[in-house]
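Engineer: The structure that follows is given in the form of structure tokens.
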Amino acid sequence: MTSASQPAPDPAVDATSSAADLAAAFRTVATTPVAIAEDALARIARLEPVVNAFSDHDPDQVRADAAASADRFRRGAPLGELDGVPVTVKENMLRAGVPARSGSAASAPVVPEADSPIVARLREAGAVILGSTTMPDWGMLSSGVSSLHGITRSPLDPALTVGGSSAGAGAAAAAGLGPIHLGTDIGGSVRFPAAWLGLVGLKPSAGRVPIDPPYLGRAAGPIGRRVADLAAAMAVVTRPDVRDHTSLPYEELDWTDPGLEVRGLRIAVHADAGAGLPVDPEVAAAVRSAAERFAAAGADVVELAPFLDDGLLGQVDLFWRVRFRRTFDELPPEARDRVLPYIARWVAPGAGVSGTDVLAAYDDIGELRHRTVLATAPFDAVLSPVAPMAAFPAERPMPWGEEDLGMAHIAFTLPYNMSGQPAVSINAGRTADGRAIALQVVGPRFADVRVLALAAWWERERPADAAVPPAPVGS
């Protein structure tokens with residue numbers, strides 16, 4: 001029997017609830033971290049055989065962490081707004097004692113002695129980490145296809161991709177396994193899962209979220225079902241860590257939605273990247289429809305001309321091929337056959353590239369950054385597609401299948417990794433057959449709070465068919 005001082009859990013509050021609603025429910029004992037963890041664990045047990053979102057998942061540890069959080073609430077000493085809130089982290093966000101192999105059956109397990117920066121911040125805040133989520137080999141595919149983990153599938157339609165490389169993070173978010181899921185993004189790897197699953201995902205300004213190790217263009221950010229949950233995550237994971245020598249000076253930013261006024265903002269629509277694959281007409285129409293809503297609210301909306309070309313896009317692709325050919329060559333000969341065949345073929349042209357050509361590619365990355373900053377500097381925000389297509393079959397390593405088209409699908413996302421500007425993916429509509437279409441909202445570097453505020457405005461103002469995704473299959 002439930003006592004008057006210990007009311008029955010509120011059935012309206014569960015693992016799909018927002019971080020703010022969970023925090024409030026824990027404080028008022030409308031529910032407990034233990035009850036929410038059990039709900040999340042039940043969802044994982046039901047969905048994981050189909051979805052395959054986790055590279056590591058220990059229910060006993062989840063229960064222990066939830067019990068510790070519940071005890072802190074009983075003592076009136078929660079660690080913060082994420083105490084007891086279920087979250088996930090991508091496999092490459094190392095957790096002490098948990099083996100990780102970056103999604104590849106060829107890689108030797110790394111067993112870290114210490115948590116990576118994001119994991120450390122989440123633990124300090126009392127979040128309950130449900131597990132590490134899957135990624136494709138070395139994070140270099142925009143799908144959930146991995147030689148180590150198999151195929152991660154959409155909880156909304158298992159025939160479709162979740163996107164990548166933050167594949168399991170997107171799957172966990174779409175499945176309602178807690179409000180916050182951390183991924184990494186070097187050319188779209190947070191934004192693609194958000195785009196193809198109807199979610200919201202933030203690639204922050206370069207250096208805003210400390211990571212270890214830092215790498216050119218690499219950022220880490222949250223995926224979720226609501227903008228407010230991304231803001232709650234950023235309030236925690238942006239805290240400083242000396243291990244990232246590229247990180248920004250820490251700022252005590254107010255991540256709550258300021259109710260940004262759209263009227264008077266100068267906003268660009270970037271519908272033609274100038275490189276890569278052509279944009280599907282349904283995707284282009286959804287982005288332009290979103291721009292019209294911004295204009296109707298009083299924004300000055302103008303067209304942004306293409307500033308990328310296939311030459312620059314190809315140079316970034318070459319730079320990465322050389323980088324991961326080195327990873328391939330460092331493997332023992334017997335391990336190389338375990339690399340995903342698509343990745344083995346992709347890295348092959350990286351062999352024998354001269355140092356001069358690699359430096360030329362590096363210089364062209366600088367040129368891409370230069371062009372991106374100059375082209376977008378006159379605007380308060382830029383609106384564009386995230387990807388030129390909607391979700392594709394789950395078995396494909398890339399949107400087009402097994403053919404090698406380089407990085408022909410990242411022309412809208414890659415520039416902002418290289419320029420270091422914050423960019424959000426948020427749902428903007430549906431194709432005729434029901435697949436999600438995303439809008440990318442980009443701001444100047446360091447304007448992360450503004451970008452989230454603009455995404456929150458769109459979240460409130462967008463049409464009904466662009467709302468959060470439907471319930472996962474089998475839920």
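Engineer: Which residues, taken from the stretch 73-107, are surrounded by fewer than 18 Cβ atoms within 10 Å (Cβ to Cβ), under 30 Å from F324 (Cα atoms) and in contact (Cβ under 8 Å) with a residue 60 or more places away in the chain?
Structural biologist: A105
Engineer: Sticking with this one: Across the stretch 294-314, which residue is nearest to the chain's Cα centre (by Cα) among those that are part of a helix (DSSP H, G or I) and crowded, with 20+ Cβ neighbours inside 10 Å?
Structural biologist: Initially, the stretch 294-314 is screened for residues part of a helix (DSSP H, G or I), giving 294-296, 310-314.
Still in the list and also crowded, with 20+ Cβ neighbours inside 10 Å: 294, 312-313.
Details: F294: 25, L312: 24, L313: 22 Å.
Residue satisfying both the conditions and the ranking: L313.
Engineer: Here is a check on your reading of the model: is V386 without any contact (Cβ under 8 Å) to a residue 60 or more places away in the chain and out of contact with any Pro (no Cβ under 8 Å at 6 or more places or on another chain)?
Structural biologist: Criteria not met by V386.
Engineer: In this structure, is R321 among the charged types (D, E, K, R) and assigned to a helix (DSSP H, G or I)?
Structural biologist: Criteria met by R321.
Engineer: While we're on this one: Name, by its number, the condition in (1) among the small types (G, A, S); (2) over 19 Å from the mean Cα position of the chain (by Cα); (3) within 24 Å of G178 (Cβ to Cβ) that does not hold for A464.
Structural biologist: (3)
Engineer: Could you check how many residues of the stretch 30-50 are part of a helix (DSSP H, G or I) and either hydrophobic (A, V, I, L, M, F, W, C) or modelled with pLDDT under 95 (or both)?
Structural biologist: Looking only at the stretch 30-50, we keep the residues that are part of a helix (DSSP H, G or I), and these are 33-50.
Now drop any that are not either hydrophobic (A, V, I, L, M, F, W, C) or modelled with pLDDT under 95 (or both), which leaves 34-37, 40-42, 44-45, 47, 50.
Summing the residues that are part of a helix (DSSP H, G or I) and either hydrophobic (A, V, I, L, M, F, W, C) or modelled with pLDDT under 95 (or both) in the stretch 30-50 gives 11.
Engineer: Something else about it: Would you tally the residues in the stretch 340-360 being surrounded by 20 or more Cβ atoms within 10 Å (Cβ to Cβ) and within 19 Å of L313 (Cα to Cα)?
Structural biologist: Residues meeting the conditions: 4.
Engineer: OK, next. L374 fails exactly one of the following numbered conditions: (1) closer than 24 Å to A194 by Cα; (2) out of contact with any helix residue (DSSP H, G or I) (no Cβ under 7 Å at 6 or more places or on another chain). What is the number of that condition?
Structural biologist: Failed condition: (1).
Engineer: For A466, only one of the following conditions fails: (1) within 19 Å of L230 (Cβ to Cβ); (2) modelled with pLDDT of 95 or more; (3) aliphatic (A, V, I, L, M). What is its number?
Structural biologist: The number of the failed condition is (2).
Engineer: For the stretch 391-410, give me each residue that is surrounded by 14 or more Cβ atoms within 10 Å (Cβ to Cβ) and assigned to a strand (DSSP E or B).
Structural biologist: Once the filter is applied, which keeps residues that are surrounded by 14 or more Cβ atoms within 10 Å (Cβ to Cβ) and assigned to a strand (DSSP E or B), the stretch 391-410 yields only M398.
Engineer: Separate question: Within the stretch 318-339, restricting attention to residues that are touching a residue at least 40 places away in the same chain (Cβ under 8 Å) and of a type in the set (V, I, T), which residue is surrounded by the fewest Cβ atoms within 10 Å (Cβ to Cβ)?
Structural biologist: T327
Engineer: Against the definition (more than 22 Å from the chain's Cα centre (by Cα), touching a residue at least 40 places away in the same chain (Cβ under 8 Å) and either under 25 Å from A286 (Cα atoms) or assigned to a strand (DSSP E or B) (or both)), how does A375 come out, yes or no?
Structural biologist: yes
Engineer: Here's something else I'd like to know. Return a yes/no flag: does the stretch 387-396 have any residue that is more than 25 Å from the chain's Cα centre (by Cα) and either farther than 21 Å from V279 by Cα or of a type in the set (K, R) (or both).
Structural biologist: no
Engineer: Every residue in the stretch 214-237 that is without any contact (Cβ under 8 Å) to a residue 40 or more places away in the chain and crowded, with 24+ Cβ neighbours inside 10 Å, please.
Structural biologist: G221
Engineer: Give the stretch 349-365 a look and list any residue that's touching a residue at least 24 places away in the same chain (Cβ under 8 Å) and part of a helix (DSSP H, G or I), or say none.
Structural biologist: Going through the stretch 349-365, the residues touching a residue at least 24 places away in the same chain (Cβ under 8 Å) turn out to be 349-351, 353, 357-358, 360-362, 364-365.
If the condition is that a residue be touching a residue at least 24 places away in the same chain (Cβ under 8 Å) and part of a helix (DSSP H, G or I), then P349, G350, D357, V358, A360, A361, Y362, D364, I365 are the ones that fit.
Engineer: Let me ask something else. Restrict the check to the stretch 234-245 and report whether at least one residue is hydrophobic (A, V, I, L, M, F, W, C), touching a Phe, Trp or Tyr at 6+ places or on another chain (Cβ under 7 Å) and under 25 Å from K90 (Cα atoms). Can you show your working first?
Structural biologist: Filtering the stretch 234-245 down to residues hydrophobic (A, V, I, L, M, F, W, C) leaves 234-237, 242.
Still in the list and also touching a Phe, Trp or Tyr at 6+ places or on another chain (Cβ under 7 Å): 234-235.
Next cut, under 25 Å from K90 (Cα atoms) only: 234-235.
Checking the stretch 234-245: at least one residue is hydrophobic (A, V, I, L, M, F, W, C), touching a Phe, Trp or Tyr at 6+ places or on another chain (Cβ under 7 Å) and under 25 Å from K90 (Cα atoms).
Engineer: I would also like to ask the following. Please name all residue pairs, on different chains or six or more residues apart, with Cβ atoms under 6 Å, provided the first residue is in the stretch 426-445 and is under 27 Å from A206 (Cα atoms) and among the polar types (S, T, N, Q) and the second residue is at pLDDT below 95 and surrounded by fewer than 24 Cβ atoms within 10 Å (Cβ to Cβ).
Structural biologist: Qualifying pairs under 6 Å: N427/A466.
Engineer: Separate question: Sort through S69, S17, S55 and tell me the only one that's outside any helix (DSSP H, G or I), modelled with pLDDT of 95 or more and in contact with an Asp or Glu (Cβ under 9 Å, 6 or more places away or on another chain).
Structural biologist: Of S69, S17, S55, the one residue that is outside any helix (DSSP H, G or I), modelled with pLDDT of 95 or more and in contact with an Asp or Glu (Cβ under 9 Å, 6 or more places away or on another chain) is S55.
Engineer: Conditions first: (1) free of Cβ contacts under 8 Å to residues at least 24 places away in the same chain; (2) assigned to a strand (DSSP E or B); (3) not β-branched (V, I, T). L130 passes all but one, so which condition is the exception?
Structural biologist: All conditions pass for L130, except number (1).
Engineer: Within the stretch 113-125, can you find the residues that are surrounded by fewer than 16 Cβ atoms within 10 Å (Cβ to Cβ) and under 30 Å from D229 (Cβ atoms)?
Structural biologist: A114, E124
The values are calculated or read from the model by the stated rules, or taken from the named source; none is laboratory data. Bear in mind the structure is a predicted one, so any value in this text is a computation, not a measurement. Every residue, glycine as well, gets a Cβ built from its backbone with ideal geometry; the counts of neighbours run over all protein chains shown.
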